[in-house]
Amino acid sequence: QNYPPYNIVKTGEYTYDIEIALAGFGKKDIDVTYENSMITIKSIHEAKKGEDDDGVLHRGISKRQFTKSFSIADDVEVKGAELKDGLLKISMEKIIPENKKARSIEIK
């Protein structure tokens, strides 16, 4: 399923964003859950027949039902989600334990 379109963006050395294009959707129309290393985004707005269209003569931007899931590695922490200008951004960070981080060894 190609709807909705999305990007996965590396924003830093250990940080990533999932960007999902959701034109026409508001915060109340989307549900984002994180469970068992899986992020699931789904629409919860259901258009009803005869619903007031506020004078819309042609509807080209659909609010169709969708569910999109992403499998997330165990060492990645979901930091939050933000919907701005029709783009849902889910921020994540890869957590590296101190014993696995690169460090400088002093030579004696």
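The values are calculated or read from the model by the stated rules, or taken from the named source; none is laboratory data. Everything quoted here is computed from the prediction, not taken from an experiment. Note that each Cβ is placed from the backbone with ideal geometry, even for glycine, and that neighbours are counted across all protein chains shown. When the accessible area is computed, the model is the full protein with side chains, heavy atoms only, and any ligands, DNA or RNA have been set aside. Shrake-Rupley method; radii C 1.70, N 1.55, O 1.52, S 1.80 Å.
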**Request:** Quick one: compute the contact order of the chain, relative version, from alpha carbon pairs under 8 angstrom and 6+ residues apart, as a percent.
**Result:** 29 percent
**Fill in**
Rounded to whole angstrom, the alpha-carbon centroid of segment 56-108 lies from that of segment 1-42 at a distance of 7 Å
**Request:** Place the peptides 63-75, 95-107 in order of packing, highest mean first, counting for every residue the other Cβ atoms within 10 Å and averaging per peptide.
**Result:** 63-75, 95-107
**Complete:** The simple spin-label model distance between Ala102 and Lys42, using points 7 Å out along Cα→Cβ, in nm, is 4.2 nm
**Item:** Loop chymotrypsin sites (Phe, Trp or Tyr not before Pro), segment 11-43 (other Cβ atoms within 10 Å of the site Cβ: 15 or fewer; DSSP)
**Value:** Tyr14
**Request:** Using 0.36 nm per residue of separation minus the Cα-Cα distance, give me the extension gain between Gln65 and Glu35 in nm, one decimal.
**Result:** 8.7 nm
**Item:** Percent accessible area from carbon and sulfur atoms, the chain, protein chains only, probe 1.4 Å
**Value:** 48 percent
**Prompt:** On average, how much accessible surface per residue is there in the chain, in Å², for a 1.4 Å probe, leaving out ligands, DNA and RNA?
**Reply:** 77 Å²
**Request:** Could you pull out every one of the lysines with an alpha carbon less than 21 Å from that of Lys100, ignoring same-chain neighbours closer than 8 positions?
**Result:** Lys10
**Prompt:** Tell me, what is the FRET efficiency for Tyr3 and Asp74 to the nearest 0.05, using R0 = 35 angstrom and their Cβ-Cβ distance as r?
**Reply:** 0.75
